[in-house]
Amino acid sequence: MRFQEELAERIAAATQLSAEKIAAFLEIPPDKKLGDFAFPCFSLGKNPHEAAEQLKEKVQLPPFIAKAAVIGPYLNFFFSLPHLAEATLTEVYQQVDFYGKQDLGKGKKIVLEFSSPNIAKPFGIGHLRSTVIGNCLYKVFSFLGYALISVNHLGDWGTQFGKLLVAYKKWGNKAALEREPVQHLLEIYVRFHKEAEQHPELEDEAREAFKKLEEGDKASLELWELFRELSLEEFRRFYRILDVEFDTYHGEAFYNPLLDETVKKMQHKDLATISEGALIVDLQKWNMPPLMLRKSDGTSIYHTRDLAAAFYRLRHYKPIKVIYVVGSEQKLHFQQLFKVLELAGVKKDLFTHVDFGLFRFPEGKMSTRKGNVIFLEEVLDKAVALARKVIEEKNPALQQKEEVAKQVGVGAILFADLSADRVRDVEFSWEKMLSFEGETGPYVQYTHARACSILRKAQKEHNLGVSPLVNFATFNLEEERAVLALLAGFPDVLQKVAETYKPHHLAQHLIALSQAFNEFYHKCPVISEQMHTMKGRLLLVQSVRQVLKNGLQLLGMKAPEEM
RNA sequence: GCCCUCGUAGUUCAAUGGAUAGAACAGGACUCUUCUAAGGUCUUGAUGUAGGUCCGAUUCCUACCGAGGGCACCA
């Protein structure tokens with residue numbers, strides 16, 4: 001960013017345009033041979049080529065730019081390799097784990113809701129998406145200086161608990177519940193829906209049971225509490241594996257005491273009306289179905305609880321932003337919610353729904369009710385088992401095999417989820433989930449391990465550590481230039497992730513850096529070259545290692561030093 | 001029926017409105033007495049259709065086609 005900013009200022013000084021505008025125009029050419037920055041001159045006059053020629057004469061090049069060249073309508077700038085190397089490698093060397101860290105969000109709070117699994121249901125791969133995207137955004141925004149509050153908005157209230165209470169009364173088994181709580185609850189939940197097809201009156205029974213629960217029936221509450229505790233225990237096990245933490249586990253039930261005042265607030269603002277026996281906020285004017293405050297039997301619904309949660313968060317945290325990482329199938333719900341908040345006088349752009357596409361299966365839609373889910377547990381187990389096997393084949397002498405197998409297996413799953421634009425649906429495929437070659441998490445981790453290996457060897461065989469005091473003029477190869485440019489671009493990529501709420505930009509950047517480094521690795525031997533070249537390259541290797549590590553950490557992955 | 005999202009090589013994905021649309025996988029050919037072959041090198045191959053805006057469209061607009069999701073008492 002600093003390079004781009006400074007270059008923009010130099011260009012601005014030679015034109016009528018502001019530095020901000022120039023910076024927006026500046027781009028990175030599609031081909032490295034064309035340069036490192038390109039300024040398109042279309043807006044400078046009717047003959048962009050001539051304008052580029054004129055601009056070339058006028059602009060004072062900053063020291064890190066070696067030359068400028070006119071190519072068609074573009075004025076292209078080429079890094080001075082030694083300057084680029086010195087600035088970038090020195091910065092990475094000094095900032096270490098903090099390279100890329102910024103203070104854009106100083107003093108600004110963000111509430112980030114993500115993961116939010118449903119109590120009494122297994123943790124499926126559907127919830128994995130919200131968890132890994134949310135976790136990555138949490139880390140990136142924190143790295144950029146924002147104060148984050150992560151909220152796991154557990155689905156721990158609602159009609160589904162009426163169903164569970166009914167099902168448990170009919171078919172529940174205490175021993176089975178204690179042995180495999182989530183499994184047992186799923187079984188009776190699936191059975192409930194199966195039997196309800198034949199006996200629709202079960203649905204009424206469930207609504208009645210939920211009503212009793214919401215009215216505070218003691219026996220129901222005790223059972224609910226038990227279901228919640230047992231499920232949460234299971235979820236925490238996954239969060240430990242994935243290394244995800246939450247600042248609060250305030251689920252839907254937490255907002256129960258606030259529902260009455262929330263409903264009253266809507267009534268005071270004259271937003272609530274009664275329709276078909278239910279209390280709603282009519283949204284016809286905006287071409288949306290109503291937001292429901294009270295069902296016709298008087299009980300609450302997720303709309304009510306989300307509304308109460310929104311007000312609570314504003315009051316309690318005073319954030320500049322509330323972000324919901326929830327699948328795109330709930331898009332309409334959030335549009336309704338945000339519209340009602342706006343009608344209630346809340347600033348409009350305070351809330352953002354970061355949506356993502358659904359997992360798709362060859363067999364069709366996944367449904368907990370029908371019991372055809374792929375459990376996260378199964379996915380993780382398979383990935384770790386495969387990682388174990390590959391380690392046995394490729395590096396049987398490795399220390400801490402089990403630890404590395406976990407890091408690599410879990411990393412493969414996380415990266416597969418984070419490497420594509422979140423808005424797209426994901427076609428579930430075991431083959432892709434369990435691939436360790438090509439554009440995968442293990443490929444990035446492997447590249448990191450390779451860099452570590454070089455550094456170890458230099459230390460061991462040449463007693464040579466990494467020093468920032470090197471002759472930067474030794475950098476002159478295309479492979480080195482490519483790596484350096486990607487290292488320098490890392491902070492910008494983090495900003496882009498934050499601006500778009502899209503982690504895949506970071507994942508893609510790490511792939512590009514890994515590819516560039518692996519090309520460098522084959523073309524440019526580090527050890528056994530001339531001493532000054534070796535020192536320079538060691539510093540470069542160290543920087544790659546550091547940036548890959550920082551990037552993987554921000555994605556929520558581990559960076560093993562050997563694998 | 002209405003609304004939203006997505007359509008890019010055989011497959012899975014990239015590409016702030018810009019230059020010759022970039023990878024990976026699968027297939028074929030190479031590459032480990034030299035820093036980890038989970039790697040590298042070479043090779044075939046793509047913007048759903050029809051219009052429009054623009055100096056310039058994979059990107060923006062309209063229609064259509066295809067896939068997915070949603071449309072008040074589930075979350």
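The values are calculated or read from the model by the stated rules, or taken from the named source; none is laboratory data. Values in this document were obtained by computation on a predicted structure and should not be read as measured data. All Cβ positions, even for glycine, are placed from backbone atoms using ideal geometry, and neighbour counts span all protein chains on display.
Do the conditions hold for A:Leu332, that is, is it under 31 Å from the mean Cα position of the chain (by Cα), near RNA strand B (Cβ under 8 Å from one of its atoms) and hydrophobic (A, V, I, L, M, F, W, C)? So A:Leu332 fits the description; yes.
Regarding A:Ala420, is this residue assigned to a helix (DSSP H, G or I), modelled with pLDDT of 95 or more and under 14 Å from A:Ile511 (Cβ atoms)?
Working: assigned to a helix (DSSP H, G or I): no; modelled with pLDDT of 95 or more: yes; under 14 Å from A:Ile511 (Cβ atoms): yes.
Judged against the criteria, A:Ala420 is not a match.
Among residues of the stretch A:75-117 being out of contact with any Gly (no Cβ under 8 Å at 6 or more places or on another chain) and of a type in the set (Ser, Thr, Tyr), the one that is nearest to A:Gly251 (Cα to Cα) is A:Tyr99. Residue selection: A:Glu261 fails the criterion of being of a type in the set (Asp, Glu), in a helix (DSSP H, G or I) and modelled with pLDDT under 95.
Only one of A:Arg315, A:Arg294 is modelled with pLDDT of 95 or more, away from RNA strand B (no atom under 12 Å from the Cβ) and either outside the structural domain of A:Val151 (by TED's automatic domain parsing) or of a type in the set (Lys, Arg) (or both); which? It would help to see each step written out before you state the result.
Working: A:Arg294 fails: away from RNA strand B (no atom under 12 Å from the Cβ).
Every option except A:Arg315 fails the conditions.
Applying a threshold of 8 Å to beta carbon distances and a minimum spacing of six or more residues, or different chains, the list of pairs starting in the stretch A:204-232 at a residue that is over 17 Å from A:Glu252 (Cα atoms) and part of a helix (DSSP H, G or I) and ending at one that is within 15 Å of RNA strand B (Cβ to nearest atom) and among the acidic types (Asp, Glu) reads A:Arg207/A:Asp297. Annotation: of all residues in the stretch A:158-180 being surrounded by 15 or more Cβ atoms within 10 Å (Cβ to Cβ) and away from RNA strand B (no atom under 16 Å from the Cβ), the one that is farthest from A:Leu213 (Cα to Cα) is A:Ala176.
Is it fair to say A:Glu480 is surrounded by fewer than 17 Cβ atoms within 10 Å (Cβ to Cβ), among the acidic types (Asp, Glu) and either near RNA strand B (Cβ under 7 Å from one of its atoms) or outside any loop (DSSP other than H, G, I, E, B) (or both)? No, not satisfied.
Report, by residue number, each residue of the stretch A:264-310 that is surrounded by fewer than 19 Cβ atoms within 10 Å (Cβ to Cβ) and assigned to a helix (DSSP H, G or I). Within the stretch A:264-310, A:Lys264, A:Lys265, A:Gln267, A:His268, A:Gln284, A:Lys285, A:Trp286, A:Tyr302 meet the criteria. Listed by first and then second residue, the pairs with beta-carbon distance under 7 Å, at least 6 apart or on different chains, first residue in the stretch A:500-514 and part of a helix (DSSP H, G or I), second within 11 Å of RNA strand B (Cβ to nearest atom) and among the polar types (S, T, N, Q), are A:His504/A:Ser419; A:Ala507/A:Ser419; A:Gln508/A:Ser419; A:Ser514/A:Thr447. Among the conditions (1) closer than 28 Å to A:Thr88 by Cβ; (2) within 11 Å of RNA strand B (Cβ to nearest atom); (3) surrounded by fewer than 16 Cβ atoms within 10 Å (Cβ to Cβ), the only one that A:Phe39 does not satisfy is (3). Restricting to the stretch A:57-69, and then to whatever is closer than 19 Å to A:Pro29 by Cα and buried (at least 19 other Cβ atoms within 10 Å of the Cβ), can you tell me which residue is nearest to RNA strand B (Cβ to nearest atom)? Only one residue fits best here, namely A:Ala68. The C-beta contact set for the stretch A:449-464 (first residue surrounded by fewer than 19 Cβ atoms within 10 Å (Cβ to Cβ) and assigned to a helix (DSSP H, G or I), second residue at pLDDT below 95 and small (Gly, Ala, Ser), distance under 7 angstrom, 6+ apart or interchain) comprises A:Gln459/A:Gly465. Applying the condition of being surrounded by fewer than 18 Cβ atoms within 10 Å (Cβ to Cβ) and among the basic types (Lys, Arg) to the stretch A:421-448 and asking which residue is nearest to the chain's Cα centre (by Cα) yields A:Arg424.
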